[in-house]
Amino acid sequence: MRTILVAAVALVVSASALDAGAQSISVNRIEVSSDAARKLVEACVAYAERNKLSAGVAVVGIDGTLIDFHLMQGATTTNAETAILKAKTSAHWRRPTRELEEWVKTGSNGAPEWIGDFPRAGGVPIEIGGQVAGAIGVGGGGDQGDECAQHAIDTVIRKRP
């Protein structure tokens, strides 16, 4: 009986070891490409020009790393910095920064400010295949920052089959 018990325990332990070895040691993730990031920036800049805006436009990957950026003629250093901050914040929270701004204004969640993010409208996540793949931020677009970012996403990402 003891031999059977030892054999059973050994079998369970070895099966657990096999199962642990079969577990993935990496994660597959979708991230916006540098080519797509360039097209997103160009589409947003074109929208801004048509609407007589002067802005900074930034695209970041899902981890907040800057992939592409453009500061339009007449835009300020603040526009540049806020575009990047909005994109990073949107990627970090995986939601539009306008939503985070509302959380902070209403007092329902102050974390976006407490941890040093920038919860102001103008940052929009970029979704590809149902996953957040990065974010685009517009600094200096005023109330049209979200529209500019969303236009770029709709033009570049959503037009794909």
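The values are calculated or read from the model by the stated rules, or taken from the named source; none is laboratory data. Quick caveat, the model's predicted, so the values are computed rather than measured. As a convention, Cβ positions derive from the backbone with ideal geometry for all residues, glycine included, and neighbour counts pool all protein chains shown.
Take the residues of the range 46-97 that are basic (Lys, Arg) and on the phi < 0 side of the Ramachandran plot: which is surrounded by the most Cβ atoms within 10 Å (Cβ to Cβ)? So the residue we want is 86.
Report whether or not residue 121 is assigned to a helix (DSSP H, G or I) and either more than 23 Å from residue 47 (Cβ to Cβ) or in contact (Cβ under 8 Å) with a residue 12 or more places away in the chain (or both). Here the answer is no, as residue 121 does not meet what is asked.
Just one of the numbered conditions (1) in contact with a helix residue (DSSP H, G or I) (Cβ under 7 Å, 6 or more places away or on another chain); (2) at pLDDT below 95 is not true of residue 96: (2).
Scanning the range 136-152 for residues that are aliphatic (A, V, I, L, M) and farther than 19 Å from residue 78 by Cα gives a single hit, 152.
When you go through 65, 78 one by one, which is the residue that is at pLDDT 95 or above, polar (S, T, N, Q) and touching a strand residue (DSSP E or B) at 6+ places or on another chain (Cβ under 8 Å)? Spell out how you get there, then give the answer.
On the way: 65 fails: touching a strand residue (DSSP E or B) at 6+ places or on another chain (Cβ under 8 Å).
Unique residue meeting the criteria: 78.
Taken residue by residue, the range 11-30 has no member that is within 23 Å of the chain's Cα centre (by Cα), under 28 Å from residue 158 (Cα atoms) and at pLDDT 95 or above. Residues that are part of a helix (DSSP H, G or I), touching a residue at least 60 places away in the same chain (Cβ under 8 Å) and not β-branched (Val, Ile, Thr) within the range 31-41 comprise 36, 37, 39, 40, listed in sequence order. In summary, residue 146 fulfils each of the numbered conditions (1) in a helix (DSSP H, G or I); (2) out of contact with any strand residue (DSSP E or B) (no Cβ under 8 Å at 6 or more places or on another chain); (3) of a type in the set (Asp, Glu) with the single exception of condition (2).
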